[in-house]
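**Student:** Please see the structure below; I have some questions.
The values are calculated or read from the model by the stated rules, or taken from the named source; none is laboratory data. Quick caveat, the model's predicted, so the values are computed rather than measured. Note that we place each Cβ from the backbone using ideal geometry, even for glycine, and neighbour counts take in every protein chain shown.
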Amino acid sequence: MIILFRIFKKTLRLLFLLFILQLVYAVLLRWMPPPVTLTQISSWTGGHGLRRSYVSLENISPAMRLAVMASEDQIFPDHNGFDWRSIQKAYLKNKKSKRMRGASTISQQTAKNVFLWQGRTWVRKALEVYYTFLIELVWGKKRIMEVYLNVAETGKGVFGVEAAAQKYFNKSAKELTRREASFIAACLPDPKRYGKIPFSNFINSRSAWILRQMNNLNDDDDMAELLK
């Protein structure tokens, strides 16, 4: 019993130390770029390569920021990390269909991309909830947007919108037009499949839809702060 108690105490200490270390790491990322993510390591070891270039939010076109919100999360400025209405819709749809539908916000995707691995296990989803609450509390919306635009996979072995802008349009992310930004945003659901030149008919169609959504969101006061 004494041996078991000692093992239990050591395990608790280790878990507490790991908790403190990951908390410190998350706080540091409020200011420093994520050095590498598990998804990026997987891309590199899987033979897809690793192309990335971290830039500040000021060096990313406002059109690109608007495009990802129009495409991925239209209430990003307003929620606390979760779009509960979309989660409920996805849950009801997934009960009736074998094809899984996601409802992840930009905050959730950022938490997953920076701290976790890809997959749909309950353990990963639970950790995603924790990290989403954490970055919403510690980072704030602008920092979440900046990190997301730098770590999101935007093509086969391509991460971040700077690397995507260079690959697809031979220019910096700061120079992207609305239409170019909409193409990059259109690839996000499946970048390995859709991030190819020339863009497919599906991407052209999705890009047009994103542009319409961007026009609808143009006058949204909540969006304006994130586009400065």
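**Student:** State whether the residues of region 175-194 include one that is among the polar types (S, T, N, Q) and in contact with a Phe, Trp or Tyr (Cβ under 6 Å, 6 or more places away or on another chain). Spell out how you get there, then give the answer.
**Tutor:** Taking region 175-194 and keeping what is among the polar types (S, T, N, Q), we get 177, 182.
Now drop any that are not in contact with a Phe, Trp or Tyr (Cβ under 6 Å, 6 or more places away or on another chain), which leaves none.
Within region 175-194 (the criterion being among the polar types (S, T, N, Q) and in contact with a Phe, Trp or Tyr (Cβ under 6 Å, 6 or more places away or on another chain)), the answer is no, since none of the residues qualifies.
**Student:** Does K192 satisfy being farther than 15 Å from V68 by Cβ and within 17 Å of the chain's Cα centre (by Cα)?
**Tutor:** Answer is yes for this residue.
**Student:** Another question, then. From the list R179, R212, which one is under 16 Å from M64 (Cβ atoms), part of a helix (DSSP H, G or I) and of a type in the set (D, E, K, R)? Let's see the steps before the verdict.
**Tutor:** Working: R212 fails: under 16 Å from M64 (Cβ atoms).
Answer to the selection: R179.
**Student:** Tell me yes or no: at least one residue of region 24-35 is farther than 22 Å from A152 by Cα and under 22 Å from the mean Cα position of the chain (by Cα). Full working, then the answer.
**Tutor:** Our first condition is that a residue be farther than 22 Å from A152 by Cα; within region 24-35, this holds for 24.
From what's left, under 22 Å from the mean Cα position of the chain (by Cα): 24.
Yes, that holds for at least one residue.
**Student:** Tell me, yes or no, whether region 128-136 has at least one residue that is without any contact (Cβ under 8 Å) to a residue 12 or more places away in the chain, touching a helix residue (DSSP H, G or I) at 6+ places or on another chain (Cβ under 7 Å) and either under 24 Å from S61 (Cα atoms) or surrounded by 14 or more Cβ atoms within 10 Å (Cβ to Cβ) (or both).
**Tutor:** Scanning region 128-136, I find no residue that is without any contact (Cβ under 8 Å) to a residue 12 or more places away in the chain, touching a helix residue (DSSP H, G or I) at 6+ places or on another chain (Cβ under 7 Å) and either under 24 Å from S61 (Cα atoms) or surrounded by 14 or more Cβ atoms within 10 Å (Cβ to Cβ) (or both), so the answer is no.
**Student:** Can you name every residue in region 182-201 that is in a helix (DSSP H, G or I) and touching a residue at least 12 places away in the same chain (Cβ under 8 Å)? Full working, then the answer.
**Tutor:** Start the filter on region 182-201 by keeping residues that are in a helix (DSSP H, G or I), which leaves 182-187, 191-194, 201.
Residues satisfying the conditions are S182, F183, I184, A185, A186, C187, P191, K192.
**Student:** Of all residues being at pLDDT 95 or above and acidic (D, E) in region 172-222, which is surrounded by the fewest Cβ atoms within 10 Å (Cβ to Cβ)? Just the residue, please.
**Tutor:** E175
**Student:** Could you tell me whether any residue of region 138-160 is more than 23 Å from L226 (Cα to Cα) and assigned to a helix (DSSP H, G or I)?
**Tutor:** Step one: filter region 138-160 for residues more than 23 Å from L226 (Cα to Cα), giving 155-158.
Filter again for assigned to a helix (DSSP H, G or I), leaving none.
No, region 138-160 contains no residue that is more than 23 Å from L226 (Cα to Cα) and assigned to a helix (DSSP H, G or I).
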